1. Translational diffusion coefficient of the range 383-503 at 10 °C, 1.306 mPa s, Stokes-Einstein with Kirkwood Rh over Cα pairs, in µm²/s as a whole number.
2. List the residues whose amide H sits under 5 Å from the amide H of Ala161, counting only those 5 or more places along or on another chain, with H placed 1.01 Å from N in the peptide plane.
3. Taking H placed 1.01 Å from N in the peptide plane, check which residues at least 5 places from Ser203 or on another chain put their amide H under 5 Å from its amide H.
4. Which number comes out as Rg/Rh for the range 160-257 once both Rg and the Kirkwood Rh are worked out on C-alpha atoms?
5. Calculate the dipole size of the range 160-257 relative to its Cα centre from +1 charges on Lys and Arg beta carbons and -1 charges on Asp and Glu beta carbons; express the result in debye to the nearest 20.
6. Could you work out the Kirkwood radius for the range 318-399, taking every pair of different alpha carbons, averaging 1/r and inverting it, reported in Å?
7. With a Förster radius of 56 Å, plug the Cβ-Cβ distance of Arg437 and Asn512 into 1/(1 + (r/R0)^6) and report the FRET value to the nearest 0.05.
8. Loop-only check: which trypsin sites (Lys or Arg not before Pro) in the range 420-493 are DSSP coil with at most 14 other Cβ within 10 angstrom?
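Each value in this text was obtained by applying a stated rule to the coordinates, not by laboratory testing. Just so you know, these numbers come straight off a predicted model, no measurement behind them. Reconstructed Cβ throughout: ideal geometry from the backbone, glycine too, with neighbour counts over all protein chains shown.
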Amino acid sequence: MAQQLSTLMSNSHHDDHQHEDSDEHGDHDHAQEQGHKHGGIFGEKTEIAFSLICGGLLLAGYLIGKFTAAPDSVSLAFYIAAYFFGGYFAAREAIEKLRNRTFEIDFLMLVAAAGAATLGEWAEGALLLFLFSLGHALEHYAMGRARRAIEALAELAPDFALVRRDGVSSEIPVDELKRGDTVIVKPDERIPADGFVTKGESSVNQAPITGESIPVDKRPVENPDSAESDENISPEHRLFAGSINQSGALEMRVTKLSGETTLARVVEMVSAAETQRSPTQQFTDKFEKIFVPSVLALVVLLLFAPFVIDESFAESFYRAMAVLVAASPCALAISTPSAVLSGVARAARGGVLIKGGGPLENLGQLGAIAFDKTGTLTEGEPKLTDVAPHGDATEDELLQTAIAVEALSDHPLAAAVVRDGKERLSEDLTRDAEDLRSITGRGIRATLSGDIVHIGKDDLFSEVDGPPLPEEILEKVESLETEGRTTMIVRRGDRYLGVLGLMDTPREAAKNMITRLRELGVKRMIMISGDNQKVANAVAEEVGIDEAWGDLMPDDKVASIKKLREEEEVAMVGDGVNDAPAMANATVGIAMGAAGSDVALETADVALMADDLDHLPFAVGLSRKTSRIIKQNLWFSLGVVALLVPSTIFGMRMGIAVLFHEGSTLLVVVNALRLLAYREKP
């Protein structure tokens with residue numbers, strides 16, 4: 001499977017080069033240059049080996065010429081050899097670019113080195129090629145670290161799986177697994193495919209896929225034959241390729257082929273994210289299209305300096321070549337792609353899929369975040385929160401009556417009453433009710449031990465025969481509804497037994513998440529919900545959100561996001577399915593719990609693989625750090641060019657210019673690679 005996922009990576013890189021040559025992405029993409037494989041007689045280390053050989057030959061030639069009486073031709077031979085080793089890879093890439101009718105930075109360096117040789121400055125030309133080749137070799141190595149952080153995802157899944165077919169167990173390549181296969185996963189082994197547990201119990205470390213820090217307990221589904229669509233299976237049953245089984249042996253049923261798993265999709269999408277241009281990358285591309293021709297025009301102009309000032313053509317030519325070196329925008333070209341690549345790789349390691357530089361930068365510039373309520377800030381299912389008996393009725397009597405009747409209903413609120421009510425009973429003496437009838441929009445009625453039982457809203461009891469609602473009950477209903485509860489009044493015969501309050505309770509992590517986002521600088525947070533305004537207000541107050549917009553239909557949510565976006569950059573956080581239209585209209589769409597959900601992975605700009613709110617501050621913090629590093633890199637690289645160009649015009653030697661030029665490029669890359677070690681402050 002790792003081989004197949006690696007193929008996805010290479011296919012994506014092949015596409016990168018197609019993008020590289022298109023007008024849409026500009027003529028120069030230094031980031032994609034880093035994807036070249038610099039193989040040779042020393043394998044992947046050939047480029048840096050050639051660079052070091054160049055440096056050794058340069059030093060030998062200099063020492064021979066300086067401290068021995070050997071003919072100049074000996075030193076020249078060493079310099080020429082240094083030219084070969086120092087310029088080999090630069091020439092190879094320059095030729096490749098020229099075939100595609102594009103000028104590359106390598107070409108500018110070669111022209112400058114050739115110019116130095118023409119002037120007889122072989123040592124300085126060799127120094128230029130040595131530092132340039134060393135800088136690029138180290139740059140390729142450093143960028144390779146960021147790329148390997150992504151490629152490491154492809155190696156998470158094992159290559160072989162123990163499968164049982166026709167009662168016989170055998171080990172086969174993961175690529176040969178079929179849907180419906182039964183796979184045996186032993187303790188401490190990696191899960192080979194996406195599927196669900198059919199036998200055994202264990203804890204599974206899903207951190208490589210979802211970023212969850214705590215292992216997740218897994219148990220078998222009750223009816224495996226009815227669970228073929230794994231997106232509808234509960235998290236406690238589902239398994240993801242690349243996650244790690246822990247103490248117990250498991251048997252699982254495969255639901256996705258190796259190239260279709262969540263891991264494969266993540267690898268493919270993270271790889272594709274490299275080709276997507278961020279706003280800053282688009283700016284630097286446009287800048288370079290103006291800057292590079294301007295530099296070439298300046299170089300040509302400097303060649304005519306002898307007609308204006310008293311100096312030789314050789315001196316003017318040397319100055320022009322030095323300016324050419326100083327003005328080559330290496331650091332500028334690599335400043336944004338290196339940060340974006342490192343940021344996307346770090347996010348993927350933390351269980352956050354960010355689809356390119358655009359979403360990564362935009363996430364760091366958000367002024368507001370809008371949250372869907374149900375399933376995002378709340379647990380997504382109602383819970384029985386309040387039991388208020390009336391008169392001489394006891395809590396057990398109220399609950400036993402409600403459970404008996406609601407057990408006949410398939411409504412989600414009824415299920416919550418039955419489930420949570422049984423947990424609160426001191427003694428379960430519930431009898432079966434019968435003859436359930438629905439009173440549309442108001443409630444239900446049924447018969448329990450010969451008594452007629454009504455359960456519903458307060459409106460129900462003004463429509464059915466019997467005593468009117470006591471004032472005490474009405475006050476309790478009003479109090480609970482003010483707190484955001486959905487209320488049910490229970491009457492058995494002519495006796496009012498009391499009121500039940502239900503609520504989709506906020507997640508435990510929601511309040512802490514909101515606090516952390518405020519600390520990161522997100523000033524405005526809004527909850528949007530289809531529930532009534534009272535419920536929305538109650539949930540918002542509990543989690544610490546200032547604004548709550550309730551009573552919204554799906555179209556209203558889209559309109560709300562559009563309105564917010566007119567005011568500032570806004571993200572929409574939802575489940576990626578019901579909230580897809582609103583997410584599509586936000587600056588950044590963020591899907592919760594996207595692991596295994598094809599819809600969420602497709603619709604969102606940012607996918608939080610785990611259904612864990614703690615990952616959102618991590619993603620926002622990483623994005624803001626990335627934005628800061630991109631700005632640092634841009635200002636630094638532009639500052640170095642602004643310093644070097646006039647300095648070389650007024651006499652700075654080419655060797656010193658090269659030292660500053662290549663040093664700035666490496667500093668930019670090292671600064672970007674700090675993102676790979678990003679950790680959110682506690």
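1. The estimated diffusion coefficient comes to 113 µm²/s.
2. Ile172, Val174
3. Sorted by chain and number, the residues that satisfy this are Lys218, Gln246, Ser247, Gly248.
4. Rounded to two decimals, Rg over Rh is 0.93.
5. 120
6. Every distinct Cα pair counted, the radius reaches 19.0 Å.
7. 0.80
8. Arg431
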